[in-house]
1. For the residues Leu156, Leu58, Leu129, what sequence is obtained by ranking on other C-beta atoms within 10 Å, fewest first?
2. For the chain, divide the Cα radius of gyration by the Kirkwood radius and give the resulting Rg/Rh value with two decimals.
3. Test of understanding: in a Gaussian network model of the chain with alpha carbons linked when under 10 Å, which of Ala147, Ala36, Ala182 would top the mean-square fluctuation ranking?
4. For a quick check of your reading of the filter: which trypsin sites (Lys or Arg not before Pro) in region 59-92 sit in a DSSP loop and have no more than 16 other Cβ atoms within 10 Å?
5. Please identify the helices of the chain, taking whole runs of DSSP H, that span at least 24 Å along their own axis as judged from the Cα atoms and have a mean Kyte-Doolittle score of -1.0 or higher.
6. Once you order the gyration tensor axes a ≥ b ≥ c over the Cα atoms, which shape class does region 11-64 get: rounded for a/c under 1.5, otherwise prolate or oblate by comparing a/b with b/c?
7. Could you line up Met1, Met151 from fewest to most neighbouring Cβ atoms inside 10 Å?
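Derivation of every value follows stated rules applied to the coordinates shown; laboratory data play no part. All values reported here derive from a predicted model rather than from experimental measurement. We place every Cβ from the backbone using ideal geometry, glycine too, and count neighbours over all the protein chains shown.
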Amino acid sequence: MLLVAGFGAGLVGSVAGLASLLSYPALLAVGLPPLAANVSNTVALVFSGVGSALGSRLELRGQAPRLRRLGAAAVAGGATGAALLLVTPTGTFEALVPLLVLAASVLVLLAPSPSELAEITVTAAGPWLTLGIFLIGIYGGYFGAAAGVMMLALLLMATRESTVRSIAAKNALLGLSNGVAAVAFVLLGPVLWAAVLPLGVGFFFGGRLGPAIARRAPVRLLRTLVGVTGIALAAYLAVGAYG
């Protein structure tokens, strides 16, 4: 189940930034508690980042100078988010999860399409872009669902790159953010490797194939399906957390 879920999450994650809205519920479904599911998901996402990077080499050409600068912000954000998760009480995270899933799902449904975002230009893109990547990295290190949607929106507005090149940059930056958070979780968090390994293998192959699909995928349809499912999941989790 986790292998299949990882493959599907890797696909939609590399295309539309929605991986955790599929993989996190799958980990809950096989019996992991929320905190263990979250940290195990983050560790497994490293495989998706590697696969996406390998599949996006064409689109990443020429973006190295910008990615080096933004990558530092993504790493700092991911480390900060991971630290917040590890130092706050488990009950706090479990109470926040339904709200985080709901917010992520609504964002997925309401976010403008990449073509619409590409029409917008962020003023003073340099400093605002770096700050935005840092803040999204914090969210990614703490929970991460729909972090890819936020980062793709920011990159499209601020860089004027094409959609497929922005998706490739988003995958690389999220990979760095997830990677540093994963290191912290491996050392200090309740990682369940029996779940990470099959999920990670699925992530890798889904992420490897995703960039090719991103060039022609119906992103709006993917967002609608995942967003509606996410809202239903948030309601289910809220019953367990607050009932």
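1. Working: Leu156 27, Leu58 10, Leu129 20.
Neighbour counts put them in this order, fewest first: Leu58, Leu129, Leu156.
2. Rounded to two decimals, Rg/Rh equals 0.94.
3. Evaluated over the chain, the most mobile residue of the options is Ala36.
4. On the way: sites: Arg61, Arg66, Arg68, Arg69; in loops: Arg61.
Listed in order of number, the matching sites are Arg61.
5. Numbers: long enough: 34-55 (31 Å, 1.15); 64-87 (34 Å, 1.02); 90-110 (30 Å, 2.09); 125-142 (25 Å, 1.21); 163-188 (37 Å, 1.36); 193-214 (30 Å, 1.33); 219-242 (33 Å, 1.46).
Flagged H segments are 34-55, 64-87, 90-110, 125-142, 163-188, 193-214, 219-242.
6. Numbers: a/c = 3.66, a/b = 2.58, b/c = 1.42.
The shape class here is prolate.
7. Details: Met1 12, Met151 27.
Ordered from fewest to most neighbouring Cβ atoms within 10 Å, Met1, Met151 come out as Met1, Met151.
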